[in-house]
1. Go through [x] -0.73; [y] -0.65; [z] -0.91 and flag the label whose value is the computed log10 I(q)/I(0) by the Debye sum over Cα atoms at q = 0.13 Å⁻¹ for this structure.
2. About the Cα centre of segment 33-152, what is the dipole size in debye to 20, counting +1 per Lys and Arg Cβ and -1 per Asp and Glu Cβ, all else neutral?
3. Roughly how far apart, in whole Å, are the Cα centres of segment 113-141 and segment 8-76?
4. Express the relative contact order of the chain as a whole percentage, based on alpha carbon pairs under 8 Å and six or more residues apart in sequence.
5. Suppose the chain between residue 16 and residue 114 were pulled fully straight at 0.36 nm per residue; how much longer would it get relative to their current alpha carbon spacing?
6. Would you compute, from DSSP H runs of 4+ residues alone, the mean residue ellipticity of the chain at 222 nm, taking -39500 (n - 2.57) per run and dividing by the full residue count, rounded to the nearest 500?
Amino acid sequence: MGDEPAGESDLISTQILEILIRVVQKAAFIDSQPVDLGDGSLLSAGEIHLIDMAGQYPHDTISGLASRLGVTKSAVSQMVQKLVVKGYIDRCREEGNRKNICLHLTPSGKKAFAWHTSLHSCVDDQICSYLSSLSYNDRQILLELLIRMSTTIDHSLKIRDDHIRNFLSTYSVESS
């Protein structure tokens, strides 16, 4: 652009990318920390997210929740078993269809669901407050950036596999 010092574009682009990577890594770290909601039972991020989905979609089956979470039915079934033992979820058969199993939150599950909802509300409010202070044009630019990054991430496994193949075909280790 005409108003930026020479070389600034690449420097700022690199800084933006580095900060976005740190944000994702920090979020992943926070998400990996188990949570104790006061009853001495630690809940993993996956368990919290399953409780959240079961709270949001109380009539979904295990298959439906697996689809929403982007994991296998087997993974959800294993997590459900742990949450039943911990006292956060009850299983029940769907009326009229004995094959489908629905999940219901116990009082502890409802507490975990309420905590997770309030946590997101608190964090989301802080982020939205900042975003609303930006100009409409800046928000559009940021949205476009995030959409493009999301698309790149969606294709990252193919990009990685292609890169490995290309790299290995050209890389050679010189022996001493």
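1. [z]
2. The calculated dipole for segment 33-152 is roughly 500 debye.
3. 17 Å
4. Numbers: 112 pairs, mean separation 25.1, N = 176.
Reported relative contact order: 14 percent.
5. Numbers: separation 98, 0.36 × 98 = 35.28 nm, distance 3.41 nm.
Additional length available on full extension: 31.9 nm.
6. Numbers: 7 runs with 120 residues, N = 176.
After summing the helix terms and dividing by residue count, I get -23000 deg cm²/dmol.
Any read-out appearing in this document is the output of simple, stated calculations on the displayed coordinates, not a laboratory observation. Note that the structure is predicted; figures quoted are calculated from it, not measured. Positions of Cβ are generated from backbone atoms using ideal geometry, with glycine treated the same way; all protein chains shown enter the neighbour counts.
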